[in-house]
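Q: Below you will find the structure I want to go over with you.
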Amino acid sequence: MTTMAAPDPALPPPDILQIAGVDEAGRGPLAGPVAVAAVILDPRKPIRGLNDSKRLSHPQRETLYPIIIGQALAWHIEMVEVEEIDRLNILQATLAGMCRSLCALRPAAQLARIDGNRLPRDLPCPAEAIVGGDRSDSAIMAASILAKVARDRLMQALHQQHPEYGFDRHKGYGTAAHLAALAEHGPCPHHRRSFAPVRASENRRSK
């Protein structure tokens, strides 16, 4: 488990409700961690251009990333590693990462809005699950951008270690090129062995 977090900012005025948006990136890939981000935006510093990270181009996400970090009241990015994904399953590992990301916020959130239809257990504050929240809630949009950019950068770094898989292009998703590389080389330590295509590749090579 690896984390990135902002330094404690000055506390906001007491009349500002500290609402955290929470979103993830990377539940579907066959390799790499799930990135979970939690963000409390400062209503005194609105950020233009926020949107669901999937609706933004790579340059737009990269431009917004430092702005969000610089202007948010609090932010935290949690990388849920492959070992935890394989041990718990992808859903439970993602929910655990959301809980840890919220718990790490300073100042603490008074309310969490989480993209999707499931809420983690043992959250540090009241929470709402919002289906499509990454298209309707600005804090969730900000979280989706932080999670996506952080994970994409990590997959770029993993590509340097394992260039044969093409992580720089598909970011671990099960593209035809990735499946072909799995068939040729077998899985590396960053592949999720609880995912059927990875498990099948490993089984074929062990016969």
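The values are calculated or read from the model by the stated rules, or taken from the named source; none is laboratory data. Source: prediction; values computed, not measured. As a convention, Cβ positions derive from the backbone with ideal geometry for all residues, glycine included, and neighbour counts pool all protein chains shown.
Q: Quick one: count up the residues across segment 130-151 that are crowded, with 20+ Cβ neighbours inside 10 Å and part of a helix (DSSP H, G or I).
A: Our first condition is that a residue be crowded, with 20+ Cβ neighbours inside 10 Å; within segment 130-151, this holds for 133-134, 137, 139-151.
Applying the additional criterion that residues be part of a helix (DSSP H, G or I) yields 133-134, 139-151.
Residues flagged as crowded, with 20+ Cβ neighbours inside 10 Å and part of a helix (DSSP H, G or I) within segment 130-151 amount to 15.
Q: Right, another one. Condition first: within 17 Å of the chain's Cα centre (by Cα) and in a helix (DSSP H, G or I). Now tell me which residues in segment 41-79 satisfy that.
A: Answer for segment 41-79, where residues must be within 17 Å of the chain's Cα centre (by Cα) and in a helix (DSSP H, G or I): SER53, LYS54, ARG55, HIS58, ARG61, GLU62, LEU64, TYR65, PRO66, ILE68, ILE69.
Q: Could you please find all residues in segment 152-200 being of a type in the set (Gly, Ala, Ser) and assigned to a helix (DSSP H, G or I)?
A: ALA157, ALA176, ALA177, ALA180, ALA181, ALA183, ALA196, ALA200
Q: For ALA157, state whether it is in the same structural domain as ALA37 (by TED's automatic domain parsing), out of contact with any strand residue (DSSP E or B) (no Cβ under 9 Å at 6 or more places or on another chain) and small (Gly, Ala, Ser).
A: Here the answer is yes, as ALA157 does meet what is asked.
Q: If ARG121 meets every condition in (1) assigned to a loop (DSSP other than H, G, I, E, B); (2) out of contact with any Gly (no Cβ under 6 Å at 6 or more places or on another chain); (3) surrounded by 22 or more Cβ atoms within 10 Å (Cβ to Cβ) apart from one, which number is that one?
A: (3)
Q: Criterion first (in contact (Cβ under 8 Å) with a residue 60 or more places away in the chain, surrounded by fewer than 19 Cβ atoms within 10 Å (Cβ to Cβ) and in a helix (DSSP H, G or I)) does ARG106 satisfy it?
A: Spelling it out, it is not the case that ARG106 is in contact (Cβ under 8 Å) with a residue 60 or more places away in the chain, surrounded by fewer than 19 Cβ atoms within 10 Å (Cβ to Cβ) and in a helix (DSSP H, G or I).
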